[in-house]
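Here the structure comes first, spelled out in structure tokens, and everything after it is commentary.
Every number in this text was worked out from the coordinates using simple rules, so none of it is lab data. Fair warning: this is a prediction, and the values are worked out from it, not measured in the lab. Neighbour counts are summed over all protein chains in view; Cβ atoms, including those assigned to glycine, are modelled from backbone coordinates with ideal geometry.
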Amino acid sequence: MKIKIKGIAPYPGLRDLLIDVVGEDDRFYIDVEVADLEEALPIVLNAQEQNYDVIVSRGGTASFIRQHASIPVVDIPVSGYDILRVLTLIKDSNSSLAIIGFPNICQGARTVSSLLNVQIPIYSIHHESEVRDTLIKAVQDGAQIVLGDVVTVTIAQEMGLHGILITSGTESIQEMLMGIEYILEIYRKGQEKKPFFQPLLEHHPSAILVIDIKGQVQYMNECGKRWIGDRQTLPSELQFLLKAEGIQTQRIDFEPVLMDHQSFHIHSVPNGENIFLYLERQAKQEQPLFQLVQMPERLASFAVIMGSSQALTKVVKRAKAYAKSDKHVWISGEAGTGRTTFAEAIYSASPRNQARFYRVDCYLVDEERLTMELFGTESKQGLFQRLSKDTLYLKDIDKLSLAFQEKLADKLRKGSSIRVISSTTLSHHELLSDAHFHQELHYLIGECKVEIPPLRQRTEDIKEIARVFIAKHNSLYGKQVVGIRDEVLSHMSHYRWPGNIKELENRLGELMVLAKGHYIELEEWQLVWEGYPEEDVYALPTIDLNGTWEQIEKQILKEVLKKEGMNQTKAAKRLGISRATLWRKLQ
């Protein structure tokens, strides 16, 4: 009889890898769900009810499950191969690195980094509660990219850092399978029938219910009785659960539900003829003051801006200096260059970073509503009327009407405690000659100017940026890609990247889906780019060198003008001449 395994994968790529590797071994049957830490508890309870022989998971999630499970829990180890792959991916990175993890990860990282002669600071932790403070120390020590387990990467991203997950590979899954039969011999089957979870369920800080398909309550713990009352049927606010599609066949995570002025997260897990309900009370949050003016949950820092080219480092240095001031900042750059990332990073590095950061996508807004939210009404205070150290980011500010721009200029002219960061895809010089943009507003908001270079002007950064995206997709798809072949990088450096970093991320996502080995090969590149016209992919100039110097010069000028979208201002700036000189030479 096959050994029945319930896999709980802390990240999606591990689920796919477990199914592929374990599915090839006739000794085992496996079913895998994705959950991390406390999210795994309902799955654990369901696995025990369905008579699984063993649970497999990784890292902190495996440790958490082991505290609550009555059936064996087997760790998926982090092998030397896993650490070798991620160190190979980032070993020649120009960004400062750090590894944060439990002792098993750190010991392997020290060994492998020593063999590779790679010097990376390694911080060992023993509990997930130590992660945030350890990350703060690593950043203070100069870290920009952090390697670690799921909890480390998640908190790193919350703090505006790049986190690279050390993923488990095929070798780790095979090592885990070798230990399962031995562990099953040690654990007594009788443990599965012990009333292990009764005290846990009764005293759990969240409400736990078991209902039948008619909504009759079969069991409710003490917390549930306090929150919704000791009752025999589901309250009316939860009756919709019984009609939810798939509730008797699969786990469902529902949108928050409001009961008695309190919001609850609800998870359901089918259990034979019954349904297991897990209710978590949402912490009461401050009601949003605005609808169009939004507060992002996560904000970037300068550490996530990848690249070491002169073009980029000069801009980052200037932006960091502006962040320390209290002046309004204007950011210009093509779509996909990372204007929002720069805006958030400037806020994060500013003295105002303990106040709120608001964002408005100006090309999407109802201006009448935005007027009320920014400038207020007779009955409600607007953002500019509040005495605060908040920061307002106006993305694509040039999309606002002239009438609205005049209101904004008037407010800033009179003075405001709000700091404004704005951005456009047009350059500052182009806006000065744009009749649809308020000229005084240009000077009021543009006290400090940041111009982000397009990716085609810093192609030497592509390899560095690609590492982060590769690591992200490794964890999503269960891949173990460690790099890109040189011939592929050569093609990438000749492509013009009209969509800039966002396009690079999308294309790498396609390449990662197609990748079969440890490197992105030329074959995969050709598959992704076969739909592109040759001139769009490489955009190599064809200059006839047989004419006079004046003829050759005119060809070069026309080629540069074409590459800058026939924009004479941009072409002249790229050539280091005035628009008048460019116009004269083209005649």
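Summary of computed values
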item	result
Mean residue ellipticity (222 nm) of the chain, computed from DSSP H runs ≥ 4 via -39,500 (n - 2.57), nearest 500	-12500 deg cm²/dmol
Selected from 54, 583, 342, residue furthest toward positive end of dipole (the chain; charges at beta carbon)	583
Point-charge dipole on Cβ atoms (K/R +1, D/E -1) for region 422-542, about Cα centre, debye to 20	480
Förster-model FRET efficiency, 30 Å R0, residue 294 and residue 434, C-beta, rounded to 0.05	0.65
Label point distance in nm, residue 457-residue 425, each placed 7 Å from Cα along Cα→Cβ	1.7
Positive-end extreme of charge dipole, the chain - chosen from 403, 88, 108 (charges on Cβ)	403
Options 469, 139, 236, ranked by Cα towards positive dipole end of the chain, top entry (Cβ charges)	139
Nonlocal amide H pairs with residue 451, under 5 Å, H built at 1.01 Å	332
Crossing angle, helix 462-477 versus the chain [Cα axis fit, 0-90 degrees, rounded to tens]	20
Crossing angle, helix 131-140 versus the chain [Cα axis fit, 0-90 degrees, rounded to tens]	30
Label corresponding to Rg and Dmax of the Cα atoms in Å when calculated from the structure given, among [x] 26.7, 104; [y] 28.5, 94; [z] 26.5, 83	[y]
Cβ-placed point charges (K, R +1; D, E -1), dipole of the chain about Cα centre in debye, nearest 20	2060
Charge tally in the Cβ shell below 12 Å around residue 59, where Lys, Arg are +1 and Asp, Glu are -1, residue 59 excluded	-3
Under 14 Å, Cβ to Cβ, from residue 175 - net charge with Lys/Arg +1 and Asp/Glu -1	-4
Gain in span if fully extended, residue 182 to residue 242, counting 0.36 nm per residue against the direct Cα distance	17.4 nm
Residue pairs, from the table 327/449; 324/389; 320/414; 472/502; 407/570, whose Cα atoms sit over 21 Å apart	320/414; 407/570
Charge context of residue 388, other residues only, Cβ under 11 angstrom, K/R +1, D/E -1	+4
Helix axis angle, 59-68 relative to the chain longest principal axis, alpha carbon, degrees	30
Residue 366 versus residue 523: modelled label distance in nm, points set 7 Å from Cα along the beta carbon direction	5.5
Total charge dipole magnitude, region 291-410, about the Cα centre, Cβ charges on Lys, Arg, Asp, Glu only, Debye to nearest 20	760
